[in-house]
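See structure below.
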Amino acid sequence: MGTWTRQELKYRAKQSLRTSYWKGFLVSLLLAFITGGLPSCSSQVSGGSRGSSIRTEIGGMDDGIWGMILLIGIVVAIVVGLFMLAFHIFVTSPFTVGVRKYFIRSAEGDANMNELGFGFGKGRYMAAVVSMLWAKLLNFLWFLLLVIPGIVKAYAYSMVPYLLADNPTIGRKRAVELSNRMTRGHKLRIFVLDLSFIGWYLLGTLACVVGVLFVMPYYNAVKAELYLAIRREALEEGLCSPEELNLVNV
């Protein structure tokens, strides 16, 4: 099942990036920054005598003070965790939809960075937030069941942000349902497609993993081409209509 091939998707992605690579690079960099996926170099500083001194001081602390410090640390961790969760739900999710919109339009020959704000537009923002949250919640519940079903469902729901990029008001249940149906028979092939990037990412780990940043535009462009291919099949098979995906005037 399926008419697309990895070679075809990658060829098309390379063609679309020929004139817009640096735009794609900037978009991918912004997405990595907002999602916390930026690679970094870390160095460990060894300090045996200093560590010993600190442990001695901590050992001499009053138990009450130590308990207070621990309590404050827990409260701070909870507050930071809630802030990060809220940021992910209300900022990262609609921004991700905008990024998918950008790469879809780029694949169609119109690399306009104004699309990054698409998910924040009036009448689209809350719809995108709710639908993305619903898909992530369902995927999380599957991961609680078992890891393998969680991974399978991650691929089943992987088209949700792309569908929202076409029509953010499609509805949370419909977005998940349609993504599930569109990826049926494709999930293993998509998994193999992702595996084909391992070599690129291994090369990207050079220079403190910074090289990975230069691979991300290519990967995102390929996934946009994948969505366009799967969307085309879905339309041909009657799984959805052009009107449902706002494609009537495209």
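In percent, rounded to a whole number, the relative contact order of the chain is 28, using alpha-carbon pairs under 8 Å and six or more apart.
Residue order for Ile78, Ile34, fewest other beta carbons within 10 angstrom first, comes to Ile78, Ile34.
A convex hull fitted to the Cα coordinates of the chain yields 168 cubic angstrom per residue.
Label-to-label distance, Asn246 versus Leu82, with points set 7 angstrom from Cα along the beta-carbon direction: 3.4 nm. Ranking Gly119, Leu9, Pro149 by how far each Cα lies toward the positive end of the dipole of the chain (charges on Cβ) leaves Leu9 at the top.
Between the stretch 67-118 and the stretch 165-216, how many Å separate their Cα centres? Centre-to-centre distance over Cα atoms comes out at 17 Å. In terms of its alpha-carbon gyration tensor, the stretch 94-227 comes out oblate; a/c meets the 1.5 threshold, while b/c is at least as large as a/b. On a 0 to 90° scale, report how tilted helix 48-59 is relative to the longest principal axis of the chain, with both axes built from alpha carbons and the result rounded to the nearest 10. The answer is roughly 70 degrees.
The numbers here are math on the coordinates, done by the rules we state, and not lab data. Because the structure is a prediction, the values reported are computed rather than measured. Counting neighbours? That spans all protein chains shown, and the Cβs are built from the backbone with ideal geometry, glycine included.
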